[in-house]
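To start, the structure under review is shown below, and the notes come after it.
Nothing in this text is a laboratory measurement; each read-out follows from the coordinates by a stated rule. Keep in mind that what you see is a predicted model, and the values were worked out from it rather than measured. All Cβ positions, glycine included, derive from the backbone under ideal geometry; neighbour counts span all protein chains shown.
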Amino acid sequence: MISKHDYLSKLMTQQDAVAEASRCLGCDDAPCRTGCPAANDIVKFVRQIAQRNFRGAIKTVREANVLAGTCALICPVGELCEFRCGDKLERPIDIGALQRFVAEYERTHGMSLLPAKQSAGKSIGIIGSGPAGLSASFELARLGYNVEIHEAEQLPGGILTYGIPSYRLDPEIVNDEIEYIKAMGVKIITSSAIDDLKSFAGNYDAVFLGVGAYRSLPLNIKGEKFDGIFQASAYLKDIKVAQLSDKPPMINLGKEVIVIGGGNTAIDAALSARFSGSAVNIFYRRRRVDMPAFRTEIASAENNGVKFNFNYSPIEFLRADKRVEAVFCRNKTGKIDRSGRPVPVQIEGSQESFRVDNILIATGQGPTFREIDLIKTDKRGLVIVDDATGATSMPGVYAGGDAVNGGATAVQAVADGKKAAHGIDKYLSNSESNNCISGEPL
Ligand SMILES: Cc1cc2nc3c(=O)[nH]c(=O)nc-3n(C[C@H](O)[C@H](O)[C@H](O)COP(=O)(O)OP(=O)(O)OC[C@H]3O[C@@H](n4cnc5c(N)ncnc54)[C@H](O)[C@@H]3O)c2cc1C
Ligand code: SF4
């Protein structure tokens, strides 16, 4: 069984970091960089480490990604930059660990602020303080805007604070990077849920929506509201809130737990339950290769004793002897859908039941922000934006992160926030073009 220590133990020594960085070929086409949504200049920062210029290296990373230390811990590098480096080297450069090394070097030697333009007196309102909102705020502060973030929760950080478990993401690192952003002049107003976009927008020259998409979607099956059945996101939040307030969690899962779903939320909930001592079975409606969760996370859940059951769909929940029973049916594979995966097709008469202490549901998420219907959205309720600028259908309102893509990665949210900041800058420097996507302006 691995522990928090194993998860966070990849911190390199200076000597190891220099040796690892010295293996880099400095490729002209730098496929590693094209694998990074935030366009981190990997060739440059790795070279700076090889030359022992650690301050220069962290400056290079932070210019591309203000959440350098956070992303160093949670980026699925094996599916992004390091995966691309695999085209050049049999053993790819350990880019994630090098980034972690320089971020930690800066944290322990003092963080230096990046230069910012003088304020031009214009103000930007941001809704949501997850990676998208934080990244947009930092970039806008650097471009000389007065920035205010409004966050519904008591603490900033979005899923970084209330979702991703502490054994994978050290809350102190997130906190230090948020303090860094505040030191750049960004004001974060917490416990401030915005529910009137039109009047909010009236207070600012432009707005960025980084509201995420962390509302759990119901399964819409019988028995879903029984005691003993929780949303996995609520369980993860309960653990984080308990840790942050130094109190025991409210949800005690008991000995045997079922987690339903195949994404990162399902895996994090399953491993958290495992670390708290429960025997955990994940049930997923498709095949293993179809799971949206990161490969490394699936592997670590398996290594820690989480059992996987594929091609099972829940059809009903029952309450029995103070326990809960999940009734599933087996699936076979059908036609390929738009995601490129076969549709699960239920096999008639294939029902199987499992009785456990508690069930966690992690089968999908959607946007939380009710005011989103003021702007153009797709069928899932996700905000439609201009690809190049992040502009929505409402003039002066931009969006990015999970609210737009439905749930991807923190580094994608960072990239979206940066892109929208530059879209806003262009819009405000050239206000006669409204720079919004076609739609019904308010
Ligand atoms: C359990 C889990 C594990 C994950 N693991 C990883 C990982 O290992 N690596 C990785 O790269 N990505 C991971 N992800 C994905 C990543 O966390 C998200 O893609 C990222 O956080 C999205 O950032 P965001 O800023 O768009 O939204 P969020 O992080 O969801 O932040 C949105 C913020 O907006 C606030 N908000 C919403 N509505 C309002 C309102 N009306 N007024 C004010 N504030 C509002 C919310 O309270 C929230 O703080 C994971 C996601 C989950 C759920
Ligand atoms: S692909 Fe690998 S070897 Fe080439 S520049 Fe990037 S990190 Fe270095």
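Tabulated results
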quantity: Simple label model, 7 Å out from Cα along Cβ direction - Lys187 to Glu316, nm; calculated: 5.7
quantity: Rg followed by Dmax, in Å, when the stretch 31-103 is reduced to its Cα trace; calculated: 10.9, 30
quantity: Out-of-range pairs (alpha-carbon distance over 23 Å; input Lys240/Lys322; Lys222/Lys322; Lys237/Lys376; Lys44/Lys187; Lys44/Lys418; Lys376/Lys426); calculated: Lys240/Lys322; Lys237/Lys376; Lys44/Lys187
quantity: Full-extension gain in nm, Lys426 to Lys247, via 0.36 nm per residue minus C-alpha separation; calculated: 59.8 nm
quantity: Neighbour cut-off at most 16 other Cβ (10 Å), DSSP loop, GluC sites (Glu not before Pro), the stretch 314-374; calculated: Glu348
quantity: Difference of contour (0.36 nm per residue) and Cα-Cα distance, Asp378 to Ala408; calculated: 9.1 nm
quantity: About the Cα centre, charge dipole magnitude for the chain (Lys/Arg +1, Asp/Glu -1 at Cβ), debye; calculated: 680
quantity: The chain: radius of gyration and largest Cα-Cα distance (Dmax), Å; calculated: 22.5, 69
quantity: Phi to ³J(HN,Hα) by Karplus 6.51 cos²θ - 1.76 cosθ + 1.60 over the stretch 275-286, Hz, x for Gly, Pro; calculated: 5, 8, x, 7, 7, 10, 10, 9, 10, 10, 7, 10
quantity: Extended-chain gain in nm, criterion 0.36 nm per residue less alpha-carbon gap, Phe226 and Arg338; calculated: 37.0 nm
quantity: Scattering curve values for the stretch 218-363, log₁₀ I(q)/I(0), Debye with Cα scatterers, q = 0.16, 0.19, 0.21 Å⁻¹; calculated: -0.84, -1.16, -1.37
quantity: 222 nm mean residue ellipticity, helices alone, for the chain (DSSP H n ≥ 4; -39,500 (n - 2.57); rounded to 500); calculated: -10000 deg cm²/dmol
quantity: Calculated from backbone phi, Karplus (6.51, -1.76, 1.60) coupling profile of the stretch 169-176 in Hz, x at Gly/Pro; calculated: 9, 5, x, 5, 5, 4, 4, 5
